[in-house]
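> Pasting a structure below so you can have a look.
Bear in mind these aren't lab numbers, they're just calculated from the coordinates by the rules spelled out. The model shown is predicted, which means the values in this text are computed figures rather than measured ones. Note that each Cβ is placed from the backbone with ideal geometry, even for glycine, and that neighbours are counted across all protein chains shown.
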Amino acid sequence: MKCIISVSKTYKHRGNHRHKASTKKFWHVYYYEYDEIEEDWYMRSKQISVLLVPYYKAKQVYKRTFYCSECDTKFWAFVKKRQKEVGCPIVIDYHKIVFQAKKKIRY
């Protein structure tokens with residue numbers, strides 16, 4: 001799973017050195033990728049063409065920290081630009097477990 005966090009123009013060989021004025025910049029996409037084997041998020045980048053820039057900008061998300069008042073926990077989630085609220089994963093999982101248990105008890 002990929003979560004695009006930035007699309008920008010940068011130098012191909014970026015680092016702590018000065019570039020000539022004639023050096024070209026290229027479009028790069030920066031994203032988090034979830035590794036299912038290690039169960040961890042890794043930040044990656046790759047160079048893209050000019051034609052793919054609008055596509056990746058439309059898929060761009062933001063990593064924001066939220067607070068749940070029901071279970072008093074902080075959690076982070078990837079959300080779209082103007083999205084203000086997101087459901088707490090702990091509370092949602094709890095409600096799913098309770099609903100499934102009630103469903104199984106029926107005679």
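> With labels modelled as points extended 7 Å from the Cα through the Cβ direction, what inter-label distance (nm, one decimal) is found for PHE26 paired with GLU39?
Simple spin-label model gives 3.7 nm for this pair.
> Moving on. Give me the one-decimal nm value for the distance between modelled label points at VAL53 and ARG18, 7 Å along each residue's Cα-to-Cβ direction.
2.7
> Right, next: Could you derive backbone 3J(HN,Hα) for segment 60-73 from the dihedral phi with the Karplus parameters 6.51, -1.76 and 1.60 (θ = phi - 60°), listing whole Hz in sequence and x where the residue is Gly or Pro?
5, 10, 10, 8, 10, 9, 10, 10, 9, 7, 6, 10, 6, 10
> Here is a follow-up. In this model, which of LYS20/LYS59; LYS9/LYS63; LYS20/LYS81; LYS9/LYS74 are farther than 30 Å apart at the alpha-carbon?
LYS20/LYS59; LYS20/LYS81; LYS9/LYS74
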